[in-house]
Amino acid sequence: MSALRVVVLPHGRGLPLPAYETEGAAGMDLRAAVEDGDPIVIVPGGRALVPTGLALQIPAGFECQVRPRSGLAVKHGVTVLNAPGTVDADYRGEVKVLLINLGTETFSVGRGDRIAQLVMAAVEKAALVQADRLDSSERGEGGFGSTGR
Ligand SMILES: O=c1ccn([C@H]2C[C@H](O)[C@@H](COP(=O)(O)OP(=O)(O)OP(=O)(O)O)O2)c(=O)[nH]1
Ligand SMILES: [Mg+2]
């Protein structure tokens, strides 16, 4: 386990901290830090940037990914538009969740609703090495369905 420093912003106070819901869970659920009694309403086809009330200090060499919750996707068609969202290690602002409603009904986000999950992951940095050619491979340039259905 790596330490992940978190600051609870004023509008996030009183909400439970993100937590792994089960022993083997990969992600911690993020909650909406919207005002009590003033939900964010997302019409079909609409999107909203939902505050979490949290700011993170991610250790160097890691990132945090903001991923959809499958339950919201299957029940309501609600997902993370930019999934997986990337929270950079040097970002000190509030973590936000960009939800999109791909469903047919209006979706309401209330205070404390679990709207997405946060996965901390190691980041391997690449040093680009420019070249005139690449080593051949079995796949070659085939892609985008080249192997059939
Ligand atoms: O789902 C997300 C995605 C991003 N961010 C924050 C943290 C991240 O470090 C920063 C920038 O994100 P990204 O690099 O994806 O966006 P950009 O459009 O490239 O913005 P920037 O020019 O600020 O990098 O926004 C979030 O809070 N939630
Ligand atoms: Mg960026």
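The values are calculated or read from the model by the stated rules, or taken from the named source; none is laboratory data. The structure displayed is predicted, hence computed values, not measured ones. Methodologically, a virtual Cβ is constructed for each residue, glycine included, from the backbone with ideal geometry; neighbour enumeration extends over all protein chains shown. SASA here: full protein model, heavy atoms, side chains in, ligands and nucleic acids out. Shrake-Rupley method; radii C 1.70, N 1.55, O 1.52, S 1.80 Å.
With θ taken as phi - 60° and the coefficients 6.51, -1.76 and 1.60, list the Karplus ³J(HN,Hα) couplings across region 60-70 in order, rounded to whole Hz; mark glycine and proline as x.
4, x, 10, 9, 10, 9, 9, 10, x, 9, 5
Check which residues have an amide H placed less than 5 Å from residue 54's amide H, if you skip close sequence neighbours.
Counting only residues 5 or more places away or on other chains, the set is 9, 95.
How large a share of the accessible area of region 5-122, in percent, is made up of carbon and sulfur atoms when the probe is 1.4 Å and the other protein chains stay in place?
Values: 3260 of 6350 Å².
Carbon and sulfur atoms account for 51 percent of the accessible area of region 5-122.
Contact order normalised by length for region 5-122, with contacts defined as Cα pairs under 8 Å and 6 or more residues apart; what percent is it? Working shown, then result.
Values: 287 pairs, mean separation 43.8, N = 118.
Relative contact order, region 5-122: 37 percent.
What size of dipole, in debye to the nearest 20, comes out for region 67-149 about its Cα centre when the only charges are +1 on Lys and Arg C-beta atoms and -1 on Asp and Glu C-beta atoms? Before the final figure, lay out the partial values.
Working: 11 positive and 10 negative charges, 92 e Å.
Here region 67-149 has a charge dipole of around 440 debye.
Give the long-range amide H neighbours of residue 120: residues separated by 5 or more places, or on another chain, with amide H under 5 Å away, using H modelled in the peptide plane at 1.01 Å from N.
Hits under the 5 Å cutoff: 65.
Could you compute how much accessible surface residue 92 exposes when probed at 1.4 Å, giving the result in Å² to the nearest 10?
Approximately 130 Å² for this residue.
As a test question: what accessible area, to the nearest 10 Å², does residue 120 have when a 1.4 Å probe is rolled over all protein chains in place?
50 Å²
Roughly how far apart, in whole Å, are the Cα centres of region 98-141 and region 5-61?
18 Å
Compute the accessible area per residue over region 5-122, keeping the other protein chains in place, probe 1.4 Å, unit Å². List each step's numbers first, then the result.
Numbers: 6350 Å² over 118 residues.
So region 5-122 comes to 54 Å² accessible per residue, rounded to a whole number.
To the nearest 20 Debye, how big is the dipole of the chain about its Cα centre, given +1 on the beta carbon of each Lys and Arg and -1 on that of each Asp and Glu? Can you show the working numbers first?
Details: 15 positive and 17 negative charges, 43 e Å.
With only Lys, Arg, Asp and Glu charged at Cβ, the dipole is about 200 debye.
Report the per residue volume, in Å³, of the convex hull enclosing the C-alpha atoms of region 5-122.
99 Å³
Report residue 80's accessible area, 1.4 Å probe, all protein chains in place, as a number in Å² to the nearest 10.
Residue 80 has an accessible surface of roughly 10 Å² with all protein chains in place.
Quick one: 3J(HN,Hα) in Hz for region 29-37, Karplus 6.51/-1.76/1.60 with θ = phi - 60°, rounded, Gly and Pro as x.
6, 9, 10, 6, 9, 7, 5, 4, x
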